[in-house]
Amino acid sequence: MAEIKKIGRFEGIFQSPKNGSKVTSLIILLHGWGADASDMFGLAPILNQIRAGCGFYAPNAPSTCSASPLGREWFDIQEGEKGAMMAFDDVNELIQGVLDEFSLPSSQVILGGFSQGGMMTLTTGPFFDLAGLISFSGALLTEQNLKQASHSSPPILMIHGDLDDVVPATALIEAQSHFEEKGYDVEVVLEKGVGHSIDQVGLDAARKFIDMHLPKE
């Protein structure tokens with residue numbers, strides 16, 4: 001059952017596990033610039049059905065979008081790397097709040113996002129020993145702050161369309177290079193003929209990644 005759920009100062013949409021049981025794992029998806037939680041929540045029926053006990057949470061970013069009062073933003077898109085670093089604390093707080101709310105170890109959580117949400121996934125996710133990170137049409141804006149991978153660093157899936165005219169596909173290649181230089185386990189999916197969007201090929205890749213990396217109960 002879907003419900004509006006507030007965790008700390010973040011409000012979002014929560015989908016309980018398909019069998020109605022206790023949440024034993026969770027997928028968090030961060031929306032893009034100018035969107036909101038509902039934009040990501042449409043993926044819940046597709047992604048959280050992979051594991052019994054897996055919930056899904058799509059939070060609203062904390063700030064009203066600078067270009068659209070009806071949308072939200074993780075940071076002002078004009079701020080680039082500086083904005084992503086400023087938003088680091090927000091996403092850090094969100095992840096910690098989710099772990100506390102559901103009494104979950106970080107190894108039972110996958111963090112993902114689309115566009116700006118993907119940027120924040122790649123900015124903040126490496127600092128947690130999560131089950132995995134998924135970036136749809138994102139970019140790594142904070143390569144200078146990327147720490148060396150350790151045994152607990154999450155594996156990363158990055159999905160991007162080669163016709164993306166919002167976040168160019170070169171961002172995928174650059175991010176892959178930076179992560180691999182630091183020793184991260186990285187998988188990339190470059191989709192032919194796809195723009196700034198999530199399509200079935202990307203969703204299938206995400207499902208496979210979740211099935212592979214989210215611990216089985």
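The values are calculated or read from the model by the stated rules, or taken from the named source; none is laboratory data. Keep in mind the model is a prediction, meaning the values are calculated, not measured. Neighbour counts run over all protein chains shown; Cβ positions are idealised from the backbone, glycine included. Remember, those area values only see protein heavy atoms, side chains included, never the ligands or the DNA or RNA. Shrake-Rupley method; radii C 1.70, N 1.55, O 1.52, S 1.80 Å.
Grab the other residues whose beta carbon is less than 12 angstrom from that of residue 190, score K and R as +1, D and E as -1, and report the net. Taking every other residue near residue 190 into account, the sum is -3.
Between the beta carbons of residue 170 and residue 197, assuming R0 = 25 Å, the FRET efficiency works out to 0.90 to the nearest 0.05.
Positive contributions from Lys and Arg (+1) and negative ones from Asp and Glu (-1), summed over other residues with Cβ under 9 Å from the Cβ of residue 154, come out at -2. Working from label points 7 Å from Cα in the Cα-to-Cβ sense, the residue 207 to residue 63 distance is 3.6 nm. Using equal-weight Cα scatterers in the Debye expression, the normalised intensity of the chain in log10 at q = 0.10, 0.11, 0.12, 0.14 Å⁻¹ is -0.37, -0.46, -0.55, -0.77. Note on the stretch 13-80: Cα convex hull, mean projected area over all directions, 4.9 nm².
May I ask you to list the residues of the stretch 178-217 whose amide nitrogen lies under 12 Å from a point 7 Å from Cα along the Cα→beta-carbon direction of residue 21? Answer for the stretch 178-217: 216-217.
Reducing the stretch 15-57 and the stretch 80-149 to their Cα centroids gives an inter-centroid distance of 16 Å. Only Lys, Arg, Asp and Glu carry charge here, each on its Cβ (+1 for the first two, -1 for the last two); on that basis the stretch 81-168 has a dipole of about 200 debye about its Cα centre. Counting lysine pairs in the chain that sit 8 or more residues apart in sequence, or on different chains, and whose Cα atoms lie under 29 Å apart gives 22. Computed over neighbours whose Cβ is under 11 Å from that of residue 32, the net charge equals -2, Lys and Arg +1, Asp and Glu -1.
Distance between the 7 Å Cα→Cβ label points at residue 70 and residue 4: 1.7 nm. Residues in the chain average 43 Å² of solvent-accessible surface per residue, probe 1.4 Å, ligands and nucleic acids excluded.
Of the three principal axes defined by the Cα atoms of the stretch 170-217, the extents in descending order read 38, 30, 12 Å.
Surface composition of the chain: carbon and sulfur atoms hold 50% of the protein heavy-atom accessible area at a 1.4 Å probe. Computed from backbone phi with θ = phi - 60° and the Karplus coefficients 6.51, -1.76 and 1.60, the 3J(HN,Hα) list for the stretch 152-167 is 9, 5, x, x, 10, 10, 10, 10, 8, x, 6, 9, 5, 9, 9, 10 Hz; x is used for glycine and proline.
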